[in-house]
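I have placed the structure first, in the form of structure tokens, so that the comments after it can refer back to it.
None of the figures in this text is laboratory data; all of them are computed from the coordinates on show. Keep in mind it's a predicted model, so treat the numbers as computed, not measured. Neighbour counts run over all protein chains shown; Cβ positions are idealised from the backbone, glycine included.
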């Protein structure tokens, strides 16, 4: 099997199976499934330590397989694209940076918005003052959200 060698500065002369799995961007379980189906080439083994490793050439073959969707056994194999880490939107970044009651009010307003209610931080603040005249110190956030949800759902009246 001849493959075009691509230059990749991240490749090492030899690396562990786990490092190859990370390079490919897949889970360990999925990699071993594909290894059993002979989609990926088997690793080499160090005679002294009996530890599996991938040589530079085998690493390149694995990367080519991932890119071309044609396995080591010349069968087609479709790969899902790796998941991207969740990016925060600007409102979440701002609410984390702000401190004090405004931050709590922003958090609670966002939670209510995710539950289908439209309420801003100022409305949440006035509702908290009406529901809890003695303050919210030591109150569970889940209970606050529940009470605020009921408050706004019932027409903003007790």
Seminar exercise, completed: Shape call for the range 14-68, from the Cα gyration tensor axes a ≥ b ≥ c (a/c under 1.5 means rounded, otherwise prolate when a/b beats b/c, else oblate), comes out prolate
For this session: Taking the Cβ of each residue in 44, 24 as the centre, tally the other Cβ atoms inside 10 Å and list the residues starting with the fewest.
Result: 44, 24
Seminar exercise, completed: Place a point 7 Å from the Cα of residue 14 in the direction of its beta carbon; the residues of the range 37-58 whose amide N falls under 11 Å from it are 44-56
Problem set entry | For peptides 56-64, 135-143, 105-113, 28-36, sequence by mean Cβ density within 10 Å, most packed first | 105-113, 56-64, 28-36, 135-143
